[in-house]
Amino acid sequence: MGIHDDLYARTRAALPAWLAIYYEQPIAIDHGEGRHVWDLEGNRYLDFFGGILTTMTGYSVPEVTEAIKEQAGKVLHTSTLYLSEPMVELAAQIAGLSGIPDAKVFFTPSGTAANDAAIMLATAYRGSNQLLALRNSYHGRSFTAVAVTANRSWSPTAYTGLNVSFVHGGYRLRSPFGHLDDEAFTAACVDDLRQVIDMMTSGDVACFIAEPIQGVGGFATPPDGFFGAFKEVLDEYGILFITDEVQTGWGRTGEHFWGYQAHGITPDILTFAKGVGNGLALGGVVARAEIMDAFQANSISTFGGNPLATTGALANLKYLLDHDLQGNALKQGARMRDILEPVVNETEWIAELRGKGLMLAVETVVPGTGEPDGAKASALMEGTKERGLLVGKGGLYGNVLRIAPPLSITDEETEEGASIIADTIRDLS
Ligand SMILES: Cc1ncc(COP(=O)(O)O)c(C=O)c1O
């Protein structure tokens, strides 16, 4: 029995059966450098998924690693009961970057906890348990986050104390409005939003939560301006706009620092996680002070914003900004598209290439019918792995290949990884 086989058997024995694990022969990552990782059996891979869009600046970036080591030697943990220099410095920096005026930041240990905090803020501020969310969404794994998630593969329960209505969003390929052009598509979704508010709520809805590009949902990307049109309706009712930037934040879309900026809006609340810590457990919520300060009771976080995570995040953000990794995401995303577009166009079983910057996806279908073909996406995953490339999978039907390397990827690595994907597609055709 190999090292991975043994580890897999022990994993299935000790951890829940519902834990999704990639690959027919799962691997454990032993270490990484730059955009490469090595598994426990010594195989080297180019990583185009970064631990679910989380390894943002790369593996073993000396500037980040050194900052973490130094802080680890001082103090790991203090809790929010004590003042913390790295926590307040990071909060001020993220508030400034967020684009939200008069912003305050609350740190959490995950994206799920960030969305929980955002929803608790919105419901407390508005005095309502009514929420709006998008179909095909994913906002995390807690009881609250699952309540606003519309993806059966990731919804273990339908129980909730929230009153959630789901409206049509940007997953155009399988939308009843998908045949319409950008403007008409947006107008149809706005009509649906208005009708849902009028028919299914009492009007005093607390908030609308949306991923600017749906991550787990397979990088479903609405037209630019889509959420601007939504916000006009939401504003009529005073409904708060929460942008879930857990996947789209920090410049990953290339053209903007946040996903919401493609839509000409300023959100009321923004949630973040994943890339900010480059793997350290860190998330958070940003909101205007009048919303953030709305709780009448005390609230703390034991782990949220701990000194280790915030020190690492400060170094990580500095690296991101100093090296203009948003600009690199734009450049490498375009390079990747140039390589993938021809093969996608010639392949009947791929419905489309979509996404922005370094958040690109291909959706696999049965030729002729357009039915989702999850087996083909799995074959693509296995085939790219055999050639030394890690990518992700997603979509409601598990039929979307997700391509999201660290934002520091080089020209050569983009060309190598994209060519592996293109070759694997051709081989499977
Ligand atoms: C858009 C989005 N929101 C929230 C979450 C939950 O984040 P976490 O897994 O850190 O709790 C995820 C995780 O994939 C996500 O993609």
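The values are calculated or read from the model by the stated rules, or taken from the named source; none is laboratory data. If you're wondering where the values come from, they're calculated on a predicted model, not measured in any experiment. Don't worry about glycine lacking a Cβ; one is built from the backbone with ideal geometry, like all the others, and counts go over all protein chains shown. Keep in mind that these areas ignore ligands, DNA and RNA; they rest on the heavy atoms of the full protein, side chains included. Shrake-Rupley method; radii C 1.70, N 1.55, O 1.52, S 1.80 Å.
Scanning segment 49-62 for residues that are open to solvent by less than 20 Å² (accessible area, probe 1.4 Å) and aliphatic (A, V, I, L, M) returns Leu53, Met56, Val61. The residues in segment 127-148 that are assigned to a loop (DSSP other than H, G, I, E, B) and within 11 Å of the ligand (Cβ to nearest atom) can be counted, and the count is 7.
So that you can scan it fast, the table gives a plain yes or no per residue for (1) open to solvent by less than 30 Å² (accessible area, probe 1.4 Å); (2) at pLDDT below 95; (3) over 21 Å from Val400 (Cβ atoms):
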| site | (1), (2), (3) |
| --- | --- |
| Phe143 | no, yes, yes |
| Ser155 | no, yes, no |
| Gly161 | no, yes, yes |
| Tyr171 | yes, no, no |
| Ser175 | yes, no, no |
| Asp191 | no, no, yes |
| Ile197 | yes, no, yes |
| Met200 | no, no, yes |
| Val205 | yes, no, yes |
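Among the conditions (1) farther than 28 Å from Tyr319 by Cα; (2) outside any helix (DSSP H, G or I); (3) more than 15 Å from the ligand (Cβ to nearest atom); (4) at pLDDT 95 or above, Gly217 misses just one, which is (3). Being closer than 20 Å to Pro372 by Cα, in contact with a Lys or Arg (Cβ under 9 Å, 6 or more places away or on another chain) and polar (S, T, N, Q): is that true of Ser175 here? Taking the combined requirement at face value, the residue satisfies it.
Among the candidates Ala329, Ala375, which residue alone is free of Cβ contacts under 8 Å to residues at least 12 places away in the same chain, in contact with a Ser or Thr (Cβ under 9 Å, 6 or more places away or on another chain), more than 22 Å from Ala150 (Cα to Cα) and of a type in the set (Gly, Ala, Ser)? Answer to the selection: Ala375.
Can you spot a residue in segment 45-59 that is over 22 Å from Tyr319 (Cβ atoms) and within 23 Å of the chain's Cα centre (by Cα)? Checked against the condition, which is being over 22 Å from Tyr319 (Cβ atoms) and within 23 Å of the chain's Cα centre (by Cα), segment 45-59 yields at least one hit.
Let me confirm something: among Ala122, Ala114, which residue is within 11 Å of the ligand (Cβ to nearest atom) and open to solvent by less than 10 Å² (accessible area, probe 1.4 Å)? Of the residues listed, the single one that is within 11 Å of the ligand (Cβ to nearest atom) and open to solvent by less than 10 Å² (accessible area, probe 1.4 Å) is Ala114.
Can you tell me which residue is surrounded by the most Cβ atoms within 10 Å (Cβ to Cβ) among those in segment 292-313 that are small (Gly, Ala, Ser) and away from the ligand (no atom under 16 Å from the Cβ)? If we take residues in segment 292-313 being small (Gly, Ala, Ser) and away from the ligand (no atom under 16 Å from the Cβ), then Ala294 is surrounded by the most Cβ atoms within 10 Å (Cβ to Cβ). So is Ala67 away from the ligand (no atom under 16 Å from the Cβ), in contact with a Gly (Cβ under 9 Å, 6 or more places away or on another chain) and of a type outside the set (Lys, Arg) or not? Judged against the criteria, Ala67 is a match. One residue stands out among those in segment 266-291 that are buried (at least 22 other Cβ atoms within 10 Å of the Cβ) and away from the ligand (no atom under 16 Å from the Cβ): the one that is nearest to Leu121 (Cα to Cα), which is Ile291.
Out of segment 236-290, which residues are without any contact (Cβ under 8 Å) to a residue 40 or more places away in the chain and within 19 Å of Phe107 (Cβ to Cβ)? If the condition is that a residue be without any contact (Cβ under 8 Å) to a residue 40 or more places away in the chain and within 19 Å of Phe107 (Cβ to Cβ), then Thr243, Glu245, Gly249 are the ones that fit.
Output the number of residues of segment 312-357 satisfying the condition of being under 26 Å from His179 (Cα atoms), of a type in the set (Asp, Glu) and part of a helix (DSSP H, G or I). Total meeting the criteria: 3.
Within segment 49-88, track down each residue that is in a loop (DSSP other than H, G, I, E, B) and closer than 27 Å to Ile409 by Cβ. Phe49, Thr54, Thr55, Met56, Thr57, Gly58, Ser60, Val61 - these are the residues of segment 49-88 that are in a loop (DSSP other than H, G, I, E, B) and closer than 27 Å to Ile409 by Cβ. Counting just the residues of segment 229-251 that are in a loop (DSSP other than H, G, I, E, B) and over 27 Å from Gly275 (Cα atoms), which one comes out least open to solvent (accessible area, probe 1.4 Å)? Looking at the filtered set, the residue picked out is Ile239.
Residue-by-condition table, conditions (1) at pLDDT 95 or above; (2) touching a Lys or Arg at 6+ places or on another chain (Cβ under 7 Å):
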| position | (1), (2) |
| --- | --- |
| Asn328 | yes, no |
| Gly368 | no, no |
| Glu386 | yes, no |
| Gly392 | yes, yes |
| Pro406 | yes, yes |
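Scanning segment 6-48 for residues that are open to solvent by 30 Å² or more (accessible area, probe 1.4 Å), in a strand (DSSP E or B) and touching a helix residue (DSSP H, G or I) at 6+ places or on another chain (Cβ under 9 Å) gives a single hit, Ile29.
So for segment 155-163 (the condition being under 23 Å from Gly398 (Cα atoms), in contact (Cβ under 8 Å) with a residue 60 or more places away in the chain and within 16 Å of the ligand (Cβ to nearest atom)), does at least one residue qualify? Yes.
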